[in-house]
Amino acid sequence: MIKDKAWFSVLLVCIFILAYLFIGFARYSGNIGVIVKELQGHAEAREHRYHVVLIEQERFHPYWEMIEKGAAQAAEQYGLDIEFAGAVRNNMTEQLDLLEKAIAARVDAIIVQGLNEESFKPVIDKAVKRGIPVLTIDTDAPDSRRLAYVGTDNVAAGEMMGRLVVKTAGGSGKIGVIIGSEMAESQNQRLEGLKRIVAQYPGLEIVDVRSSNISQMEAIQQAADMLRRHPEITIMVGTSATDALGVMQAAKSLRRDDLLIIGFDNQKETLEAITNGEIQATVSQQPFLMGEMAVRLLYEHFQGKPLRSTYHTEVKVLNESNVQEGESL
């Protein structure tokens, strides 16, 4: 009798354990079902957000800040995650390092200035080979495998500057030029366009060309030294955003009130100087539009839409008659 009771007790314990395990399994299965249903019901919330990196020539430079604003607005509109990177000071080696890091991080796409094609082409091609589309902005690398270029037709912009010099100076005078960087193809292309127009007028002559290294302080120093060495210069041209402002400061320090200054881009200080008659005119790009268009094109690429090779953004001459329009570019 005692053995029967012991056996019965063991049986009850086993039944209890089995029941406990069964209930636990049922609850687990139920939870899995709930999770599956939740996942099915929130598929859109889990859609992959493409991670794009925009590598700038110089962080916190007014020109690149405008590109950032356009890119950020488009990224928000199209549901992309965008990250901004760039050299603290204009430095091609640092830009290339940032490009290599973006490739190593396996981002979904890269927007980068093709600063020097010889150096940038192999790295851009490396990214594309690894399945990362690269879009060049501001300065192109046309022989690379980049997806597309967005930015100014810089040779045409240089020619526009040349025609502006002719109109402002009356077809005669000695010219000094400050370019942003000797390493940037965009700057060299603007200089090339400027030279094409100047060569058509025997009364005009470019007597010196210096680089500011994308620094207003260096633009001041280079312009001041140029004007001391060549007092015959009557026209100064700057081909990047802060060059004309540097020339203006140099002219003030040397009391060269007679100097005619032609600038590039539509910085607030440049527009104010045009209003005050300190800078005669500027050729303005559309950096905000460049950033917006670059991100939009990547979104279209992700959607499977074919892209053209080149997308040129327009430039516009701003002078005292229409300077207020520069605030909206």
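Values quoted throughout were computed directly from the atomic coordinates according to the rules given, and no laboratory measurement underlies them. Owing to the predicted nature of the structure, the values given are computational and were not obtained by experimental measurement. All Cβ positions, glycine included, derive from the backbone under ideal geometry; neighbour counts span all protein chains shown.
What to note about this one:
- Using a cut-off of 23 Å between Cα atoms, the listed pairs Lys69/Lys316; Lys69/Lys129; Lys101/Lys126; Lys129/Lys305 include Lys69/Lys129 as exceeding that distance.
- Exposure proxy ranking, count of Cβ atoms within 10 Å, fewest first, for Ile178, Ile235, Ile197, Ile261: Ile197, Ile235, Ile261, Ile178
- Spin-label model, Asn276 to Lys69: label points 7 Å out along the Cα-to-beta-carbon direction sit 2.1 nm apart.
- Amide proton proximity set for Ser284, modelled H, under 5 Å, gap of 5+: Asp265, Lys316, Val317, Leu318
- Footprinting exposure proxy ranking of Ile206, Ile55, Ile233, fewest other C-beta atoms within 10 angstrom first, gives Ile206, Ile233, Ile55.
- For the range 154-284, the gyration tensor built on C-alpha atoms gives a rounded shape. Its axis ratio a/c (a ≥ b ≥ c) stays under 1.5.
- Close amide H pairs (under 5 Å, H built 1.01 Å from N) link Gly173 with Leu204, Glu205, residues at least 5 positions away or on another chain.
- Our coupling estimate for the range 265-270, obtained by passing each phi through the Karplus curve with A = 6.51, B = -1.76, C = 1.60 and θ = phi - 60°, is 6, 10, 4, 3, 5, 5 Hz, Gly and Pro reported as x.
- Listed by Cβ neighbour count within 10 Å, with the fewest neighbours leading, Val107, Val88 appear as Val88, Val107.
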